[in-house]
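The structure appears right after this line, and notes come after that.
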Amino acid sequence: MNLDENVEIKKNKLVFLGEQSVGKTSLITRYMYDSFDSTYQATIGIDFLSKTLAIGDKKIHLQIWDTAGTERFRSLIPNYIRDLSAAVAVYDITSVSSFDQVERSIDDVRKERSDVVIVLCGNKTDLTEKRRVSMEQGARRAKELGVTFMEASAKTGHNVKKLFLHIASALVNEGNSKREKSKPINIIVSPHNEKYIDPDSSYCGC
């Protein structure tokens, strides 16, 4: 179906949050340019890029904001999340400390906006031998916080497109009932299979 070019496309602000070096910039760059650079410098302040996606017969425009993960820039974050539509709280699966900080990021979002799409994303699944946070831990934390869960790898591109498409689809479907909007589906992806898990059900790693 051809999309009507004359229809105004709503802009949706998507903000990536998380500690320094968890791979926020890498995830965005992998999605936008399908590239990965292991020599990225730490983000200074706030950067953003724009992308228009087609979801079925609808278009959605994402303003993708990349935030600095250092404490010195933390005071800037509230200014950039007041008008957001969605957020991704990123942690590094090889770093327990980065995982411990994700709840803080999600709390920051909910202080400003209580009804937005939020995804908890464990990055760097390519570093299997260095993993310190299991998928089960990530899924459990997401369930406790009432958000969607996904693991990805900016280096290999694993699950990166699915992350952005999930968010875009959720935003397109905002017209659904409050219950349907707020009920997350935890998405857990292993190297060999995919599991889509309703937070109301029990998790089985088998």
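Filter segment 105-136 for residues that are surrounded by fewer than 15 Cβ atoms within 10 Å (Cβ to Cβ) and more than 21 Å from SER26 (Cβ to Cβ) and give the result.
ASP107, LYS111, SER114, ASP115, SER134, GLU136
Of the residues that make up segment 168-187, is at least one under 22 Å from VAL22 (Cβ atoms), of a type outside the set (Gly, Ala, Ser) and either at pLDDT 95 or above or open to solvent by 30 Å² or more (accessible area, probe 1.4 Å) (or both)?
The answer is no; no qualifying residue exists.
Scanning segment 24-79 for residues that are part of a helix (DSSP H, G or I) and at pLDDT below 80, which turns out nearest to LYS11 (Cα to Cα)?
ILE77
Answer yes or no as to whether LEU145 is at pLDDT 95 or above, more than 29 Å from TYR33 (Cα to Cα) and in contact with a helix residue (DSSP H, G or I) (Cβ under 7 Å, 6 or more places away or on another chain).
The answer is yes for LEU145.
Exactly one condition in (1) part of a helix (DSSP H, G or I); (2) open to solvent by 70 Å² or more (accessible area, probe 1.4 Å) is false for SER98; which is it?
(2) is the only condition that SER98 fails.
The values are calculated or read from the model by the stated rules, or taken from the named source; none is laboratory data. All figures in this text were calculated on a predicted structure; none of them were measured in a lab. Note: ideal-geometry Cβ built from the backbone for every residue, glycine included; neighbour counts use all protein chains shown. Please note that ligands, DNA and RNA were not included when accessible areas were found on the heavy atoms of the full protein model with its side chains. Shrake-Rupley method; radii C 1.70, N 1.55, O 1.52, S 1.80 Å.
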